[in-house]
Amino acid sequence: MNATPGTTVDVRRLLVVSTPDLAAHEQVHGPLFAPHDLVSLLREAGLHGHGGAAFPTWRKLAAVRAGRNAIVVANGAEGEPASAKDRTLLRIAPHLVLDGLALVGAAVGATRAVVYVPSDLVPVISRAVGERRFRDRIAVQVVEAPDTFVAGEETAVLSRLSGGPALPLDKFTRIVDSGVDGRPTLLNNVETMGHIALIARHGAEWFRAAGTKEDPGTFLATVSGAVRRAGVHEHAYGETVGALLDAAGGVSGPVQAVLVGGYHGAWVPMPAAMDLAVSRESLAPYGAAPGAGVVVALPADACGLAATAQVLDYLAQQSARQCGPCQFGLPRLAETFRQLATVPRAAATPTLVEEVQRLAALVDGRGACRHPDGTVRLLRSALSAFRNDLAAHLSGTCMKGER
Amino acid sequence: MSQRVDTGSGTATLHIDWSRCDRRGLCAELLPELLDRDDWGYPLARDGSREVAVPRALQRHATEAVSACPLLALRLRRSR
């Protein structure tokens, strides 16, 4: 942490307003002035995207070809079932998101601005947009995102905004060059937009006062599962998984592992996870990343393989069904894994483990989007984190309830 | 539409648009050195890569595969 030893940096930055209206927003955050050079400011701040991929925000902004009818999009679709941070931010502080959208829109000379949200958030966002009608340079269009896992995938958003379905597109050209209707497109997660709005007000040094050198700033975490008070809280990067669980009221019982990053993330076993810092460097050895800040605590009396099988079924069902390896491969993968997750012994054999690994390698990287890749990541982390359970299943027993 | 073959020293990669591919299999037939087929008949890069590297000796065949695909699911990306 960059804070002076002995002092604590207040990490309550994004969710501090008491009501979502413009007056409360201005009272708490003060006026917004467009910085002279937003790209340099964001570069200094070291902000990375909060939608999962953690791409450096300044780089994306710099790459958008200005002066060619660019479009800027705030992506609040949040198709990840285990994540609630975007909807929380949009309900509590929509004006921070809209400030960020206005800032990037001005920076690239955009002629269209969109905020893409699930249906139940359309009213609150439309109200916020209405409050700003005479202050933003371009009128913000509110577009409804369908309630599917892939609806928030970058090119699925492009497809939807170009008048098609919210399904991923083939990636041959970078969207900063050619995106919606062939126009240069800047798409940021709504939380990223919120951070941009705060950095513009308070500066890069302020932003970096929390977090770590490589992962500066704060992030919104959604913590659920075996915790007393599942919910969304803001934390600084570098805080431990244990601290995130504490903010959610602490564990409700013994926990055997945590799922970090969501359904395309990775399982990290306990007790190691407890003291693990939430940062890219710290999580990388476990095949995990902070991603969109999702943490799900798996209770000790559950079966990790069964829990994973359930997620794999969901992911298979959520395939866009456009690409063969995903459409056919994921259900086959989920079905085969399910056999491993099911006891008695007749179901689980070493050949089955090999078959699961073969199928995983087969679908990995073969699709228009990263849905198969993310599914494989989760599966591989389960085979590693729950290797003892796997051994038990292979000998006809289950460790569920024995921990 | 014919692709101009690059006879220079550039490397090329074959890009598969998975959202268009319908496992007709002409590409695997024309480029057996580079492509196998998976359990369901979809092209499978033998080198396991996402974007299939096409050595210069095979670039003409790759160009034919691109033209032959009934779904227009292939593109040859050349770097100069």
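Quick notes on this structure:
To keep it simple, each residue is scored yes or no on (1) over 19 Å from A:Val363 (Cα atoms); (2) exposed (fewer than 12 other Cβ atoms within 10 Å of the Cβ); (3) within 14 Å of chain A (Cβ to nearest Cβ); (4) modelled with pLDDT of 95 or more.
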residue: B:Thr13; (1), (2), (3), (4): yes, no, yes, yes
residue: B:Arg20; (1), (2), (3), (4): no, no, yes, yes
residue: B:Leu26; (1), (2), (3), (4): yes, no, no, yes
residue: B:Asp38; (1), (2), (3), (4): no, no, yes, yes
residue: B:Tyr42; (1), (2), (3), (4): no, no, yes, yes
residue: B:Ala45; (1), (2), (3), (4): no, no, yes, yes
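- Checking each residue in region A:80-109 for being over 15 Å from A:Glu191 (Cβ atoms) and under 16 Å from the mean Cα position of the chain (by Cα) picks out A:Pro81, A:Ala82.
- Any hit, region A:181-192, residues being touching a residue at least 12 places away in the same chain (Cβ under 8 Å), within 22 Å of A:Asp86 (Cβ to Cβ) and out of contact with any strand residue (DSSP E or B) (no Cβ under 7 Å at 6 or more places or on another chain): yes
- Residue in region A:355-370 that is over 27 Å from the mean Cα position of the chain (by Cα) and either touching a residue at least 24 places away in the same chain (Cβ under 8 Å) or within 14 Å of chain B (Cβ to nearest Cβ) (or both) present: yes
- Filtered residue count, region A:264-273, keeping only those that are open to solvent by 20 Å² or more (accessible area, probe 1.4 Å) and in contact with a strand residue (DSSP E or B) (Cβ under 7 Å, 6 or more places away or on another chain): 2
- Taking residues in region A:19-40 that are more than 11 Å from A:Leu96 (Cα to Cα), and partners anywhere that are aromatic (Phe, Trp, Tyr) and not in a loop (DSSP other than H, G, I, E, B), the pairs with Cβ atoms closer than 6 Å and at least 6 places apart or on different chains are A:Val39/A:Trp58.
- Unmet requirement for A:Thr111, which otherwise passes all of (1) farther than 24 Å from A:Ser18 by Cα; (2) open to solvent by less than 10 Å² (accessible area, probe 1.4 Å): (2)
- Counting only residues that are in contact with a Lys or Arg (Cβ under 9 Å, 6 or more places away or on another chain), under 22 Å from A:Ser83 (Cβ atoms) and touching a residue at least 40 places away in the same chain (Cβ under 8 Å), region A:307-333 holds 3 of them.
- Restricting attention to region A:267-298, the residues that are of a type outside the set (A, V, I, L, M, F, W, C) and in contact with a Pro (Cβ under 7 Å, 6 or more places away or on another chain) add up to 2.
- Total residues in region A:196-234, condition assigned to a strand (DSSP E or B), within 26 Å of A:Asp37 (Cα to Cα) and either of a type in the set (A, V, I, L, M, F, W, C) or open to solvent by 30 Å² or more (accessible area, probe 1.4 Å) (or both): 1
- Test result for B:Arg75, touching a Gly at 6+ places or on another chain (Cβ under 9 Å) and open to solvent by 70 Å² or more (accessible area, probe 1.4 Å): no
- Of everything in region A:235-263 that is assigned to a loop (DSSP other than H, G, I, E, B) and of a type in the set (Gly, Ala, Ser), the residue that is surrounded by the most Cβ atoms within 10 Å (Cβ to Cβ) is A:Gly261.
- Within region B:47-74, if we keep just the residues that are outside any helix (DSSP H, G or I) and away from every other protein chain (no Cβ under 13 Å), the residue that is farthest from the chain's Cα centre (by Cα) turns out to be B:Pro70.
- Test: A:Ala302 is touching a Ser or Thr at 6+ places or on another chain (Cβ under 6 Å), away from chain B (no Cβ under 14 Å) and in contact (Cβ under 8 Å) with a residue 40 or more places away in the chain: no
- Residues satisfying the stated conditions in region A:274-287, i.e. surrounded by fewer than 24 Cβ atoms within 10 Å (Cβ to Cβ) and either within 14 Å of A:Ala54 (Cα to Cα) or not charged (D, E, K, R) (or both): A:Met274, A:Leu276, A:Ala277, A:Ser279, A:Arg280, A:Glu281, A:Ser282, A:Leu283, A:Ala284, A:Pro285, A:Tyr286, A:Gly287
- When restricted to residues that are touching a Gly at 6+ places or on another chain (Cβ under 8 Å) and within 22 Å of A:Ala247 (Cβ to Cβ), region A:6-50 contains 2.
- Enumeration of residues in region A:135-174 that are β-branched (Val, Ile, Thr), more than 30 Å from B:Leu14 (Cβ to Cβ) and open to solvent by 30 Å² or more (accessible area, probe 1.4 Å): A:Ile138, A:Val142, A:Thr148
- A:Arg377 being within 14 Å of chain B (Cβ to nearest Cβ), surrounded by fewer than 23 Cβ atoms within 10 Å (Cβ to Cβ) and basic (Lys, Arg): no
- Some residue of region A:384-396 being touching an Asp or Glu at 6+ places or on another chain (Cβ under 8 Å), modelled with pLDDT of 95 or more and open to solvent by 10 Å² or more (accessible area, probe 1.4 Å): no
The values are calculated or read from the model by the stated rules, or taken from the named source; none is laboratory data. In this text, all values refer to a predicted model and were calculated from it rather than measured experimentally. Backbone-built Cβ (ideal geometry, glycine too); neighbour counts: all protein chains shown. For the accessible areas, the whole protein counts, side chains as well, though only heavy atoms, and no ligand, DNA or RNA atoms are used. Shrake-Rupley method; radii C 1.70, N 1.55, O 1.52, S 1.80 Å.
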